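Here the structure comes first, spelled out in structure tokens, and everything after it is commentary.
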There are 2 protein chains.
Amino acid sequence: MMTATLRKQTSHDESEILALFDSLRQAHHDKDGEAIAAAYAKDAIVCDLSPPLFHRGVDAKEKQAWLDGWDGPIELDPRDFSLTVRDDVAFAQGYTRMSGTPKAAGRPVGFWLRDTICLNRTNGRWKIIHMHSSVPFYMDGSLRPAFDLEPVEN
Amino acid sequence: MMTATLRKQTSHDESEILALFDSLRQAHHDKDGEAIAAAYAKDAIVCDLSPPLFHRGVDAKEKQAWLDGWDGPIELDPRDFSLTVRDDVAFAQGYTRMSGTPKAAGRPVGFWLRDTICLNRTNGRWKIIHMHSSVPFYMDGSLRPAFDLEPVEN
């Protein structure tokens, strides 16, 4: 999850990767499971906010079921992403504010997460081969996820 | 963190990166804050298990204070790491079982985390420029960190 706020891009590869990230942002807004799945390599390793520890690839139907668990759009607002490209591999790192209304909660939620995204260009197309999204947890005894953090330097 | 169980390595760069990872594993075992800090670029972005969302670089004294909060060694057991190197950049991804005895807990703990590690070679030396370590959390209403997961495909 995603970004249109990277440093000024110049290369064709960078532009393609930024467009891929923006397609993910838009697909969450539109709740389009197929479009999300299309951004990933078939055997991508996905380390998501919730268990399992990882899964491989993104199944469009499973993703659609998850999207349909939200009332209205899911908004992803990227901040401070950096992008590094060398030859046919790339990685990006930054923060995303995720907000929306899970049906189970019945009220809006919003929090910042950390994203690290590794990509590969195969047959001329960039795909995500590894996505790592997370929220840290408090080690103060409460062990609660830290939904109250901002992406600022301390 | 870390690995000695990657695919068979051939290149000099890969060997250096594996040695760096192993130095981190050993430094946790030895509880050597200086050795941990030395593996990171000064302005590395570190997304750790606990807040803040990120911090820059690793301060040897702060790390030592954290290490000293554990009774005996902190063991890091890597599994299923992959490593991708292109020119002067690299990224690695895998799982690490962290175990030890936090003094505050007074009893041994152990759990699997996900690691994504991005590196850069500057002046002939590989350093970590981005570390992302996390545990997912249950979205079942409990919002507890998922300390009970294994790195297996479901």
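FYI, it's all coordinate maths here, none of it is from the lab. On a predicted model such as this, the values are computed, not experimentally measured, just so you know. Neighbour counts are summed over all protein chains in view; Cβ atoms, including those assigned to glycine, are modelled from backbone coordinates with ideal geometry.
Structure notes:
- Screening B:Thr96 on (1) touching a residue at least 24 places away in the same chain (Cβ under 8 Å); (2) part of a loop (DSSP other than H, G, I, E, B) shows it passes everything except condition (2).
- Filter pass, A:Ile36 being part of a strand (DSSP E or B) and surrounded by 16 or more Cβ atoms within 10 Å (Cβ to Cβ): no
- Unique residue being touching a Gly at 6+ places or on another chain (Cβ under 8 Å) and at positive phi when the list is A:Gly124, A:Gly72, A:Gly106: A:Gly72
- Of the residues making up region A:103-154, those that are under 21 Å from B:Phe111 (Cα atoms) and exposed (fewer than 12 other Cβ atoms within 10 Å of the Cβ) are A:Asp140, A:Gly141, A:Ser142.
- Taken over region B:99-154, the criterion of being at the interface with chain A (Cβ under 10 Å from one of its Cβ atoms), assigned to a loop (DSSP other than H, G, I, E, B) and under 18 Å from B:Trp66 (Cβ atoms) is satisfied by B:Ala104, B:Ala105, B:Val135.
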